[in-house]
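K.L.:
Sharing a structure here in structure tokens format.
The values are calculated or read from the model by the stated rules, or taken from the named source; none is laboratory data. Given the structure is predicted, the values throughout are model-derived calculations rather than measurements. As a convention, Cβ positions derive from the backbone with ideal geometry for all residues, glycine included, and neighbour counts pool all protein chains shown.
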Amino acid sequence: MHPVSPRPFAALPVGAAVLALLLTACSASDDTPSANEGVVDPAEETVTSPSPSTEPEPAGEPFTVAFGGDVMFEGMLEPRLNDPQSALAPIAEQLSAADLAMVNLETAITEGGTPAPGKEYLFRAPTSALEALSAAGVDVASVANNHGMDYGADGLIDTLENGEASAVHLVGAGRDIEEAYAPHVAEVNGQSIALFGATDVLDDHLIAEWTAGEGKPGMASTKGEMKQRMLTAVSEAAAEHDNVVVFLHWGLEGAHCPLPHAPTLAEELIAAGAAAVVGGHAHVLSPGGFMGDAYVHYGLSNFVFYNFNGPTAETGVLTLTFDQGAVIEADWAPAQIQDGVPVPYEGAAAEEAAQTWLNMRAECGLPLTDSPVQVP
């Protein structure tokens, strides 16, 4: 504050000045206190209300989420669970470097249940699988995929209960439709993020049994009429939270390019409020990039997997930076699966692997970009 200069007195007529001096002298010499001295007339009292703060609420800082592809623990990976704390050590540093990390958990977490009929491949793992993911820095896992109910509804309930007892939050399935389509919500750097899981892949004869319903356990799906349920869930989350992610199980096994309907599905989810749509299922890498100021990755490939050779061994960690409903930066760190676990590429090999992945955009004819494009 600047000091306030005293205001100069106005000139008074001589008679008025003398009278003012006499009144002042009389008042100064009167030692008798007034009966009303120290009493404030309520009618004259002025109440000063505190003025509301004009400073805006802090908007929060950008934060990062790392994504990995399909995870299971069959075959050669089983012995790794004897020491969950080091099971995924080669990739733990990259996952833990992000504020949050998310993968697709392509297995039931149960030692019971009933094998699903008509399936050639059935995956399940003990609770130590969740310990291994947590030790590697994974915070969230989607179980919405074509193996999430390999051991039936009982196996799914076991999976959900084991998830609730774990540090890894499971999404994409539930005891009923409300739970299945509910996201995991986290607060990071003063911003909220809602993370969904859903599957776009299910065997035809299992769709009815595996899809969550009213009072019926199952998974969140984008197939058929359930797509609208997913879009509504995303829209409601976007109205309440700063950022929304959808982790989808989509694509065609062995194909690098997405299925014809996938770009439209991504656009619909983004229009509903998703800042990122990522996923896997094909067991090989698919393209990724910006669609406006949102990010789409059509296939993160295998991640922790017993079945790998050649293209199925190529994988990586996608790290996205979120800020107020947009992805402002993306980083792809390529890796190669060795002994079932991703090992990051280094040096020239990393550059070559990254360029091979980038070239897939043109090969698949996808108008994805390296940087966000502001949508008018």
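K.L.:
State whether the residues of segment 69-76 include one that is among the acidic types (Asp, Glu), surrounded by fewer than 24 Cβ atoms within 10 Å (Cβ to Cβ) and under 24 Å from Ala282 (Cβ atoms).
P.N.:
Checked segment 69-76: at least one residue is among the acidic types (Asp, Glu), surrounded by fewer than 24 Cβ atoms within 10 Å (Cβ to Cβ) and under 24 Å from Ala282 (Cβ atoms).
Let's see how each residue does on (1) crowded, with 24+ Cβ neighbours inside 10 Å; (2) more than 29 Å from Gly113 (Cβ to Cβ); (3) free of Cβ contacts under 8 Å to residues at least 40 places away in the same chain:
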position: Gly224; (1), (2), (3): no, no, yes
position: Gln228; (1), (2), (3): no, yes, yes
position: Ala239; (1), (2), (3): no, yes, yes
position: Ala255; (1), (2), (3): no, yes, yes
position: Pro260; (1), (2), (3): no, yes, yes
position: Glu268; (1), (2), (3): no, yes, no
position: Ala272; (1), (2), (3): no, yes, no
position: Val277; (1), (2), (3): yes, yes, yes
position: His281; (1), (2), (3): yes, no, no
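K.L.:
Mind listing whichever residues of segment 197-222 are surrounded by fewer than 21 Cβ atoms within 10 Å (Cβ to Cβ) and in contact with an Asp or Glu (Cβ under 6 Å, 6 or more places away or on another chain)?
P.N.:
Answer for segment 197-222, where residues must be surrounded by fewer than 21 Cβ atoms within 10 Å (Cβ to Cβ) and in contact with an Asp or Glu (Cβ under 6 Å, 6 or more places away or on another chain): just Gly215.
K.L.:
Let me ask another. Return only the number of the condition from (1) surrounded by fewer than 18 Cβ atoms within 10 Å (Cβ to Cβ); (2) on the phi < 0 side of the Ramachandran plot; (3) not polar (S, T, N, Q) that Gly190 does not satisfy.
P.N.:
Against the list (1) surrounded by fewer than 18 Cβ atoms within 10 Å (Cβ to Cβ); (2) on the phi < 0 side of the Ramachandran plot; (3) not polar (S, T, N, Q), Gly190 comes up short only on (2).
K.L.:
Now a separate question. Only one residue in Val138, Val185, Val143, Val171 is within 28 Å of Gly325 (Cβ to Cβ), surrounded by fewer than 23 Cβ atoms within 10 Å (Cβ to Cβ) and in contact with a strand residue (DSSP E or B) (Cβ under 7 Å, 6 or more places away or on another chain). Which one?
P.N.:
Only one candidate passes the filter, namely Val185.
K.L.:
Further question: Go through segment 81-135 residue by residue and tally those that are buried (at least 23 other Cβ atoms within 10 Å of the Cβ) and either touching a Pro at 6+ places or on another chain (Cβ under 6 Å) or at pLDDT below 95 (or both).
P.N.:
Number of matching residues: 2.
Okay, residues lined up against (1) touching a helix residue (DSSP H, G or I) at 6+ places or on another chain (Cβ under 9 Å); (2) farther than 16 Å from His297 by Cα:
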site	(1), (2)
Ala208	no, yes
Ala212	yes, yes
Lys216	yes, yes
Ser221	yes, yes
Glu225	no, yes
Val246	yes, no
Gly251	yes, no
Thr264	no, no
Ala276	yes, no
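K.L.:
Which pairs do you get when a residue that is at negative phi and of a type in the set (Phe, Trp, Tyr), found in segment 156-181, comes within reach of a residue that is in a loop (DSSP other than H, G, I, E, B) and modelled with pLDDT of 95 or more, reach meaning Cβ atoms under 9 angstrom, with the pair 6+ apart or on two chains?
P.N.:
Matching pairs, first to second residue: Tyr181/Gly172; Tyr181/Ala212; Tyr181/Ala220.
The rows are residues; the columns are (1) farther than 13 Å from Gly172 by Cβ; (2) among the aliphatic types (A, V, I, L, M); (3) more than 24 Å from the chain's Cα centre (by Cα).
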{"residue": "Gly197", "(1), (2), (3)": "no, no, no"}
{"residue": "Thr211", "(1), (2), (3)": "no, no, no"}
{"residue": "Gly218", "(1), (2), (3)": "no, no, no"}
{"residue": "Ser221", "(1), (2), (3)": "no, no, no"}
{"residue": "Gly224", "(1), (2), (3)": "yes, no, yes"}
{"residue": "Lys227", "(1), (2), (3)": "yes, no, no"}
{"residue": "Met230", "(1), (2), (3)": "no, yes, no"}
{"residue": "Ser235", "(1), (2), (3)": "yes, no, no"}
{"residue": "Ala238", "(1), (2), (3)": "yes, yes, no"}
